[in-house]
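Notes follow the structure.
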């Protein structure tokens, strides 16, 4: 898939995040990169041979103060290559991207990995 097509898929997935959450997201850059770097794999605590679909880089909203000075934007990075390798079809690719965007947005709001996984299970059960 061309990068611009994947970018559009990520943008579409972001619009599916409920507006009440999107409105609260400030100073966050949503990025697409081809592959995770070694540093990103380490920050994501990905074991050797593992896959990283996305990464939230920043300080979660729950750990911020209104008294803090200006900060550089947080980043949500979605990795195109790993998504394409895991996808079984274009519909599956779109679902993987949507799930990854949702997952990383949850980290922005302060959920740790265990909380995000539990919320994902609850979301799938509905």
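What the table below lists for this structure:
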quantity: Options 25, 9, 1; residue that is under 21 Å from residue 60 (Cα atoms) and in contact (Cβ under 8 Å) with a residue 24 or more places away in the chain; calculated: 25
quantity: Residues that are part of a loop (DSSP other than H, G, I, E, B) and surrounded by 14 or more Cβ atoms within 10 Å (Cβ to Cβ), drawn from the stretch 2-58; calculated: 17, 25, 36, 44, 46, 51, 52, 53, 58
quantity: Of the criteria (1) surrounded by 13 or more Cβ atoms within 10 Å (Cβ to Cβ); (2) under 17 Å from residue 11 (Cα atoms); (3) touching a helix residue (DSSP H, G or I) at 6+ places or on another chain (Cβ under 9 Å), which one residue 75 fails; calculated: (3)
quantity: All positions within the stretch 52-72 that are in contact with a helix residue (DSSP H, G or I) (Cβ under 9 Å, 6 or more places away or on another chain) and either on the phi < 0 side of the Ramachandran plot or modelled with pLDDT under 85 (or both); calculated: 52, 53, 54, 55, 56, 57, 60, 61
quantity: Answer from 24, 16, 2 - the residue that is over 14 Å from the mean Cα position of the chain (by Cα) and closer than 20 Å to residue 83 by Cβ; calculated: 2
quantity: Selection count, the stretch 98-126, where residues are farther than 17 Å from residue 28 by Cβ and in contact with a strand residue (DSSP E or B) (Cβ under 7 Å, 6 or more places away or on another chain); calculated: 0
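The values are calculated or read from the model by the stated rules, or taken from the named source; none is laboratory data. This structure is a prediction, so every number in the text was calculated from the model and none was measured. Quick reminder, even Gly has a Cβ in these numbers, built from the backbone with ideal geometry, and neighbours come from all protein chains shown.
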